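Student: Pasting a structure here, questions to come.
The values are calculated or read from the model by the stated rules, or taken from the named source; none is laboratory data. Since this is a predicted model, take the numbers as computed values, not measurements. Glycine also receives a Cβ, built like all others from the backbone with ideal geometry; neighbour counts cover every protein chain displayed. With ligands, DNA and RNA removed, areas are computed over all heavy atoms of the protein, side chains included. Shrake-Rupley method; radii C 1.70, N 1.55, O 1.52, S 1.80 Å.
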Amino acid sequence: MASKSICSRCLRLAASTPTRRIPQKPQQRAFSSTVSKQPSQERRIHHSSRQKAPEVEAQRSHVPQDIPPYTTNLGQQPSRKHEDSSERTLLQPNNLFHPFTTSPSPQIRRRAATIRQNAYCPHPDHQPTRSPIAPHDTEGRKAGVSPPAHVRHECPDCGIPVSCSEEHFASDYESHLEICDTLRQINEDDHDLVSGRFFPEFEYPPARFEEAQVNMTNWDTLLFSRGFEAVNAERSMRQVTRLLTYPITVGSVLHELSPYAFGKEGRLTPEGLRSLSALRYTLHPPRTGAGVDIKGLRPNPPPVRLFILGARAESSLPREVWVQLSHLFPRVSFHLIFIGPESMANRDDEFPLPPRTPSNPFGAIVEDRLGGQMKVSTYVEYFHTLYEAQHFAPFDPYFDAIILFHPGLGHPASSHEWSPTLPQLLATKIPIICTGYTDYDMQRDIAWVKKEAKGEMDVLLEPAENRFRSLRWDLNDLDPGDVSCGNWGVWGFRGKRYETDEYRGRDG
């Protein structure tokens, strides 16, 4: 059972923003890699009570110079009375709002520096491109067009850099008001994660007896029927759903009590009912009378394989979060297979990549001691490479499914990476469940799949809002005006199946 004090990995995951597949300039990429290594250094400042002062000062020297200084005693030597600094509350619930650049958290101040270095002012006076105005371009200067500029001015209400100057902020204030309240909520949620308080919402319950059915109407009914501690605060609900949205979204589609029903008002199509019925036959098997003695020996079916392609943040979720999926299906075992070049990003210290050997040709990292019902394998490789090697063949519609969390199928920066993979996904003939950050992101993926599939696909689940989406909004550091939430929408498709009828001739 997880501790009431959130672990460092949960904190980083809940505070992380969705990874956008947007190309960056070399200098931006170098800065991003530098920033990604900082939380581990700051964790030593917050949680190491015996750190020496020179080492603390050396770590503080990595803070960019344009960030205003903030006086704090986090790096001072604590007294014996407060030996465990991780138990101290740094921010009170009524004091969570702080501007990003003057935040008491060094991690958030560094994030503010990232935003100010990469994000551009959205004011319409700026050119839509990043090329500066030529010196001889007098017409552009007369029209008031100015070159792009990075955001520097922070909104006093949300505390996030959104404009290059106070003048542009004031003239474009009406458009900023549309998301100002949401940005302030993001600000407070981020500071809540570094406040040092206890997080009882991250304490996950064990498996319950099989007769206790789950209610998948919404988040409230699910958490209650699963035996979670009561979450009475909206902020705590946002924090807990930020992590649980990944396993629960998958479970809500595959479960026999799924809220996505078949019918006039349901979203499940006839082809979707056929595909998911095969999986549900395996996920909800009848009792076999198995026991612990010799007479109770029964053959066990193979585990249900879930291929999670393009894995990023979901591959580094705490394993007790993914174990919640197995608690929804107590009679079967799962094999989660994370595949993607970013599936082990920022986890080299935790799991160094093993060498590629004849017995492990693709360097898979296997975790097989997760409660007895779950096994996790991670491949830092593209799916089409593994498919061409027949590494997972054959695919069985009764035991296999493919999951795509925010794949960016139709995004201009990533669609070319999915082009060789899509025909192989359709050839497997197994269900493919996709999610999207927003409705626009989801509809763009659907349009791209229909265009590339050329009619060789069947829609299994009509696209719409996900009932178990993350209730917490996330900020795009490359564009503060772009806010989204994890797994906002969900839909499903599969390669088209053709039925063969027996030809009996003219007399038949």
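Student: Restricting the first residue to region 269-282 and requiring it to be free of Cβ contacts under 8 Å to residues at least 60 places away in the same chain, which pairs with a second residue that is outside any helix (DSSP H, G or I) and open to solvent by 20 Å² or more (accessible area, probe 1.4 Å) meet a Cβ separation below 7 Å and a spacing of at least six or different chains?
Tutor: Every condition considered, the pairs that remain are L273/F262; R280/E256.
Student: So, in region 229-254, exactly how many residues are free of Cβ contacts under 8 Å to residues at least 60 places away in the same chain and either open to solvent by less than 10 Å² (accessible area, probe 1.4 Å) or not in a helix (DSSP H, G or I) (or both)?
Tutor: 6
Student: Taking G408 as meeting all but one of (1) surrounded by 20 or more Cβ atoms within 10 Å (Cβ to Cβ); (2) modelled with pLDDT under 95; (3) under 26 Å from V323 (Cα atoms), write down the number of the exception.
Tutor: Evaluating G408 over (1) surrounded by 20 or more Cβ atoms within 10 Å (Cβ to Cβ); (2) modelled with pLDDT under 95; (3) under 26 Å from V323 (Cα atoms) leaves (3) as the failure.
Student: Considering only region 422-447, state which residues are open to solvent by less than 50 Å² (accessible area, probe 1.4 Å) and within 21 Å of the chain's Cα centre (by Cα).
Tutor: P431, I432, I433, C434, T435, G436, Y437, T438, D441, M442, D445, I446
Student: Filter region 301-322 down to the residues that are assigned to a loop (DSSP other than H, G, I, E, B) and within 14 Å of the chain's Cα centre (by Cα) and list them by number.
Tutor: G310, A311, R312, L317, P318
Student: Further question on the same structure: Listed residues H416, H391, H384; which is over 30 Å from P206 (Cβ atoms), open to solvent by 60 Å² or more (accessible area, probe 1.4 Å) and not in a loop (DSSP other than H, G, I, E, B)?
Tutor: Just a single option satisfies the conditions, and that option is H416.
Student: Now for a different question. Would you check if G408 is part of a loop (DSSP other than H, G, I, E, B), touching a residue at least 60 places away in the same chain (Cβ under 8 Å) and more than 20 Å from V304 (Cα to Cα)?
Tutor: Considered against the rule, which asks whether it is part of a loop (DSSP other than H, G, I, E, B), touching a residue at least 60 places away in the same chain (Cβ under 8 Å) and more than 20 Å from V304 (Cα to Cα), G408 comes out as yes.
Student: Could you say whether any residue in region 284-300 is open to solvent by 30 Å² or more (accessible area, probe 1.4 Å), in contact with a strand residue (DSSP E or B) (Cβ under 9 Å, 6 or more places away or on another chain) and hydrophobic (A, V, I, L, M, F, W, C)?
Tutor: no
Student: Restricting to region 442-480, give me the number of residues that are over 26 Å from L243 (Cβ atoms), of a type outside the set (K, R) and in a helix (DSSP H, G or I).
Tutor: 7
Student: Ok, one more. Determine whether I402 is in a loop (DSSP other than H, G, I, E, B) and either at pLDDT 95 or above or open to solvent by less than 10 Å² (accessible area, probe 1.4 Å) (or both).
Tutor: Against the criterion (in a loop (DSSP other than H, G, I, E, B) and either at pLDDT 95 or above or open to solvent by less than 10 Å² (accessible area, probe 1.4 Å) (or both)), I402 does not qualify.
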